[in-house]
Amino acid sequence: MKTYRRILVPIPADGQGDVLLQRAAELAQAQHAQMLVVRVLDTRSGFEPDGPAAALPGEAAARRSPDVKKRLDLQLARNNLGWAEAKVVWGEPQAVLADVIRNWAPDLVVACAGLLPAGIAEDADILTVGCRSLFGRLVGALNHHAPRHA
């Protein structure tokens with residue numbers, strides 16, 4: 001088993017990161033690794049702002065950041081990960097994640113399947129985990145077991 005010293009966990013926007021945290025915690029605690037849990041606030045929008053807000057595209061994200069950080073800290077506490085570092089960043093998600101990966105230099109990135117684009121973590125291993133929500137898994141199970149009518 002490879003030894004990891006630094007594990008990065010980007011939490012998806014839908015808040016379904018518990019499965020990621022559990023998997024990363026197994027690896028981190030077994031190896032006494034550092035763990036950084038990151039939540040990215042997406043500042044992109046579908047329209048062009050005007051007025052003074054146009055000059056400050058991250059202003060709304062900056063105002064939301066303390067509340068998001070509190071929720072992230074609570075999520076870590078619920079998963080017995082109060083020792084992990086939590087961070088909220090904002091911007092275009094893929095660019096921000098690339099910057100965090102480049103600056104923090106993790107050995108392993110534990111992310112939801114499809115969250116990270118190819119080549120974003122060139123010097124780190126990537127462990128992708130299926131992160132469908134409980135509701136999505138239940139709907140899938142119900143559809144799978146539902147009788148089919150001709």
Regarding the stretch 60-68, can at least one residue be identified that is over 14 Å from Val40 (Cα atoms) and either out of contact with any Cys (no Cβ under 8 Å at 6 or more places or on another chain) or not β-branched (Val, Ile, Thr) (or both)?
no
Say whether the condition of being under 23 Å from Gly119 (Cα atoms) and either at pLDDT below 90 or loosely packed, with under 15 Cβ neighbours inside 10 Å (or both) is met by at least one residue in the stretch 65-83.
no
Would you kindly identify the strands (runs of 3 or more DSSP E) lying entirely within the stretch 62-130 that contain at least 1 residues that are without any contact (Cβ under 8 Å) to a residue 60 or more places away in the chain?
85-91, 125-129
Hey, Gly114 within 22 Å of Val19 (Cα to Cα), at pLDDT below 85 and not hydrophobic (A, V, I, L, M, F, W, C) or not:
yes
Of the residues that make up the stretch 34-46, is at least one assigned to a loop (DSSP other than H, G, I, E, B) and either modelled with pLDDT of 90 or more or not hydroxyl-bearing (Ser, Thr, Tyr) (or both)?
yes
If you take the residues in the stretch 117-150 that are more than 27 Å from Thr43 (Cα to Cα) and surrounded by 11 or more Cβ atoms within 10 Å (Cβ to Cβ), which one is modelled with the highest pLDDT?
Asp125
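The values are calculated or read from the model by the stated rules, or taken from the named source; none is laboratory data. Since the model is a prediction, treat every value here as computed from it, not as a measurement. Note: ideal-geometry Cβ built from the backbone for every residue, glycine included; neighbour counts use all protein chains shown.
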